[in-house]
Amino acid sequence: MVGIEAAGDELGRSVTEHASGAAQNMRKAANVYLQENPPTTSPSPFSQTTHDVTATTSSATQSIYNVASTLTSAVSSVASTAGAWVSSRVGPVSPSTNASFKSTANAYDSATTGISAGTQELTNAAAEAVGDVVQNEWGRDARHVGGHLAESVGNIGGVIGQVAEVGTVAAVAGVKGAAAEQNKEGSGEWKNVSV
């Protein structure tokens, strides 16, 4: 790897490593807390209605997240096709420009893969640590209700992330589509473009 690809790879790896370290620290802190504080002997009761409402909210926000995720995938597919279409109409670019297309797309993939993995690691560690502390302080029922509420918040955050990502995904998918089309064409000659 050279240049921008190496930088993207390094960014992705760095985020993953730092997130893993932070996640381990969260788990250790929760374990220390649990060792120093005995579990509650009088857990907080929650009505079935509370359980039902929080479960329904979690399910509804998951559906919204699924729609946003599908939209992002669809935008990526359309943008890739559009990039390939434009590239096929313009004709082959120089080998160095094509290499730049591929390097930029690869750098983005490496960086976002590491960021995504790191974010997931932190999210899982936080959910586990908070759940353990909530259960310790207020009982299993509180953990169950809190888990649904946390899922709802996480789903809403995921929707916001998906919506924010659409533009970037489209741009990168367009570059990838253009690079793929250039690889198919192979020659360095320009095509006639009708106006």
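The values are calculated or read from the model by the stated rules, or taken from the named source; none is laboratory data. Nothing here was measured: the structure is a model prediction, and the numbers come from that model. Glycine gets a Cβ as well: all are built from the backbone with ideal geometry, and neighbour counts include every protein chain shown.
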*Any residue at all in the range 84-102 that is loosely packed, with under 15 Cβ neighbours inside 10 Å, at pLDDT below 75 and aromatic (Phe, Trp, Tyr)?*
yes
_Evaluation of Ala30 against (1) surrounded by 17 or more Cβ atoms within 10 Å (Cβ to Cβ); (2) modelled with pLDDT under 70 (one fails), failing number_ = (2)
*So which pairs qualify, if the first residue must be in the range 22-43 and under 18 Å from Gly118 (Cβ atoms) and touching a residue at least 60 places away in the same chain (Cβ under 8 Å), the second must be aliphatic (A, V, I, L, M) and surrounded by 15 or more Cβ atoms within 10 Å (Cβ to Cβ), the Cβ gap must be under 7 Å, and the two must be at least 6 apart or on different chains?*
Ala22/Leu122; Ala23/Leu122; Ala23/Ala125; Met26/Ala125; Met26/Ala126; Met26/Ala129; Arg27/Ala125; Arg27/Ala129
_Condition check for Glu151: touching a helix residue (DSSP H, G or I) at 6+ places or on another chain (Cβ under 8 Å), at pLDDT 80 or above and of a type in the set (D, E, K, R)_ = no
*Of all residues in the range 13-42 being within 19 Å of the chain's Cα centre (by Cα) and of a type in the set (Ser, Thr, Tyr), which is farthest from Leu122 (Cα to Cα)?*
Ser14
*asked:* So Thr70 ticks every box in (1) modelled with pLDDT under 80; (2) under 30 Å from Glu5 (Cα atoms); (3) hydroxyl-bearing (Ser, Thr, Tyr); (4) in contact with a helix residue (DSSP H, G or I) (Cβ under 7 Å, 6 or more places away or on another chain) but one. Which box is left unticked?
replied: (4)
